[in-house]
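Chemist: One structure coming up, written as structure tokens, with questions to follow.
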Amino acid sequence: MTKFPTQRLALCAAIPLLAMAAPAQAQSVIGSGVPASLNGNSQERSIDFAEQVPASSALIILTENAELPDVAGLSVAERNSVAAAIAAADFKGKQGQSLMLRGIGERPLIMIVGAARPDDKSPDWRAAAGSAVQNLMKEETELAIVGAPDPAAMAEAALGLALGQYRFDRYQYDVEKNPASQKIIIAGTGAGEAQMLWDNRQKHLAEGVRFVRDLQSEPANALYPQSFVERTRAAFAGIANVRIEILDEAAMRKLNMGAIVGVGQGSPRGSRMMIVSYRGASGPPLALVGKGITFDTGGISIKPNKGMWAMKADMSGAAAVMGTALSLAKSRAPVNVVAVAALAENMPGANAQRPGDVVRTYGGKTIEILSTDAEGRLVLADAVQYVADRYKPFALVDIATLTGSVGRALGDQYAGLFAREDAVADQLLNAAAESGEHLWRLPLHPAYAKAVRSDIADVKNSGVTDAPGASAGAHFIGYFIDESLPWAHLDIAGVDWNSSSRPLSPKGASGFGVRLLDQLARDWKAE
Ligand code: BES
Ligand code: MN
Ligand code: ZN
């Protein structure tokens, strides 16, 4: 029997903005006008810290080796039984290992989870907690996690929980039962300090990542340039030191942004540029610019249908820069950033742009469009020139689901990194190592810079036969960025979506970039 999912959180405030934005701000309905859901995602487990282990909860014990750590919450008899089970099971405490024990003492369940990384054996409390909560999705009981040895490790475990239990189920109306929503308690000495660390940093980081995953997951009938703007604006409501600037098509036309307006001209859902600046420090900002194609059909150079649905996430870069700004602003980080979302829907249509068209960009440089499917670099061309000119950043990082080529080269564990200078590349690689979001550097070579030049315009957006695809894309963007401005380009087309679950990221939208860029902004300051 189907149960009406009453537990789903009604998005009273957000729904009118999200699903019915079209009637509210335009004369005619765009799309059907019928929202696909009136619900939010199902209720998750709330996360708490405590010194004591609650008596009757299920117990999750994190450990980095085969020893049962000296944790509270077990009687001597229970301890002996658990230790015997560990010894009998060839459990070594490695990441990915776990042991599910039932029938020991009063607790409904005792689960032992390995935390040792495969390479250097150092413990990863985040991943251990993330995989534990994923495995207990259906366990209708309160959970307590022990074994994280200090407040910092406890706060990291909390981040793992918040990222690992993410779900996007708001469109599932016909459900028998939602995942379990009883609370989860991280127990150990120093709980108060762990709570403080969490409240000051990881909680906001998690919120930033989860915000990005929500936007990535939304289908393109719900998320288009204007609704992206409205949802993001709502997320920043009431946060101190934040300024938001929105450019609609008329404003962009006045600024001669022919590239971004051109990409959206085949769609009734017009292009937007959203600029969010957060000033938590003085001095010039770090600029973060994201590709925000809310759906990429390819345009007149239309894509084949296989896998085209995934192009609803072609706004992952734009979402990532906004999620980063959100995390930094909410945690009051002492940094100055400006995040730019270059938003358009790439559709074929009677007014769509054609291969062979020439467009003029913000700074006057022109582009010959050889493929309307190489649209990400077009919207970025206007966005990077605008932010460099108006906001005078000390450095600029762009992030984009730019090319299928990067996924073929690097797979789904590394995003492609391009930088002119080693010092800039090192900034990014260090942030990658610290955050756990991995980058692999790929080449920019002067020879490819010539290859992007066009016969009729300054540059062409495709048809660069002598350069590898991801490098050609990077060179194209680089053409619009002054040599004197430190710049890095991140191609995330291989990492924006997980084909299967990982400890910190269930199958689907990965939220890639927030942890990386949040770390980068904190570490990289103007000289
Ligand atoms: N959004 C795509 C790139 C993409 C492909 C992202 C697969 C995620 C998964 C991009 O706009 C695109 O179509 N790129 C073309 C570029 C080519 C026309 C120069 C590509 O990669 O084929
Ligand atoms: Mn495309
Ligand atoms: Zn695209």
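The values are calculated or read from the model by the stated rules, or taken from the named source; none is laboratory data. None of these values were measured; they are calculated from a predicted model. Glycine gets a Cβ as well: all are built from the backbone with ideal geometry, and neighbour counts include every protein chain shown. Heavy atoms of the whole protein, side chains included, go into the accessibility calculation; ligands, DNA and RNA do not. Shrake-Rupley method; radii C 1.70, N 1.55, O 1.52, S 1.80 Å.
Chemist: Quickly estimate the mean residue ellipticity at 222 nm for the chain, helices only: each DSSP H run with n ≥ 4 gives -39500 (n - 2.57), and the total goes over all residues, rounded to 500.
Modeler: Values: 17 runs with 172 residues, N = 527.
Only helices count here, giving -9500 deg cm²/dmol.
Chemist: Taking segment 209-523, how many lysine pairs are there with alpha carbons less than 16 Å apart, if each pair must be eight or more places apart or span two chains?
Modeler: Values: K254/K365; K291/K312; K303/K312; K312/K507; K365/K450; K365/K460; K450/K460.
Qualifying lysine pairs in segment 209-523: 7.
Chemist: When the scattering of segment 389-477 is computed by the Debye formula from its Cα atoms alone, each counted once and equally, what is log10 I(q)/I(0) at q = 0.24, 0.26 Å⁻¹?
Modeler: -1.27, -1.35
Chemist: Ignoring ligands, DNA and RNA, how do R515, R360 rank by accessible area with a 1.4 Å probe, largest first? Let's see the in-between values first.
Modeler: On the way: R515 35, R360 120 Å².
Ranked from most to least accessible, the order is R360, R515.
Chemist: Explain nothing, just the number: relative contact order of segment 209-523, from Cα pairs under 8 Å at least 6 residues apart, as a whole percent. Show your work: numbers first, answer last.
Modeler: Details: 781 pairs, mean separation 68.5, N = 315.
After rounding, I find 22 percent.
Chemist: Which value results when the Cα radius of gyration for segment 196-269 is divided by 2.2 N^0.38 Å?
Modeler: Numbers: Rg = 15.9 Å, N = 74, 2.2 N^0.38 = 11.3 Å.
Against the compact-globule rule of thumb, the ratio is 1.40.
Chemist: I would also like to ask the following. How fast does the chain diffuse by Stokes-Einstein, in µm²/s, taking the Kirkwood radius from C-alpha pairs at 10 °C and 1.306 mPa s?
Modeler: Details: Rh = 24.1 Å.
Value of D from the Cα-based Kirkwood radius: 66 µm²/s.
Chemist: Quick one: accessible area per residue over segment 209-523, 1.4 Å probe, rounded to a whole number of Å²? Show your work: numbers first, answer last.
Modeler: Working: 10920 Å² over 315 residues.
About 35 Å² of surface per residue is accessible.
Chemist: Using the Karplus equation 6.51 cos²θ - 1.76 cosθ + 1.60 (θ = phi - 60°), what ³J(HN,Hα) coupling, rounded to whole Hz, does each residue of segment 214-224 give in order, writing x for Gly and Pro?
Modeler: 4, 5, 4, 6, 4, x, 6, 6, 9, 10, 9
Chemist: Give me Rg over Rh for segment 239-288, both radii from the alpha carbons and Rh done the Kirkwood way, two decimal places.
Modeler: Numbers: Rg = 13.9 Å, Rh = 12.6 Å.
That ratio equals 1.10.
Chemist: Might you work out the accessible area of F211 for me, using a 1.4 Å probe with all protein chains in place, and round it to the nearest 10 Å²?
Modeler: Its accessible surface works out to 30 Å², give or take rounding.
Chemist: May I pose another question? Count neighbours as other Cβ atoms within 10 Å of each site's Cβ, and list the GluC sites (Glu not before Pro) in segment 175-227 that are DSSP loop with at most 12 such neighbours. Don't jump to the answer; show the numbers that get you there.
Modeler: Values: sites: E176, E193, E207; in loops: E176.
Filter output for segment 175-227: E176.
Chemist: Amide H neighbours of V289 under 5 Å, at least 5 residues apart or on other chains, H built in the peptide plane: list them.
Modeler: V340, V397, D398, I399
Chemist: Any chance you could get the radius of gyration and Dmax over the Cα atoms of segment 209-523, in Å?
Modeler: 17.5, 50
Chemist: Rounded to whole Hz and in sequence order, give me ³J(HN,Hα) for segment 58-63 from the Karplus expression 6.51 cos²θ - 1.76 cosθ + 1.60, θ = phi - 60°, writing x for Gly and Pro.
Modeler: After applying 6.51 cos²θ - 1.76 cosθ + 1.60, I find 5, 10, 10, 10, 8, 8 Hz.
Chemist: Follow-up question, since we're still on this one. Among the aspartates and glutamates, select those whose C-alpha is under 18 Å from the C-alpha of K92, and discard any that sit fewer than 8 residues away in the same chain.
Modeler: E64, E67, D70, D119, D120, D124
Chemist: Computing the accessible area with a 1.4 Å probe over protein heavy atoms, can you report the carbon and sulfur percentage for the chain? Please report the intermediate quantities before stating the final value.
Modeler: Details: 11030 of 21200 Å².
Answer for the chain: carbon and sulfur cover 52 percent of the accessible area.
Chemist: Additional query: Dividing the convex hull volume of the Cα atoms of segment 420-527 by its residue count, what figure in Å³ per residue is obtained? All intermediate terms of the calculation are to be shown ahead of the outcome.
Modeler: Values: hull volume 13.0 nm³, N = 108.
Enclosed volume per residue, from the Cα hull, is 121 Å³.
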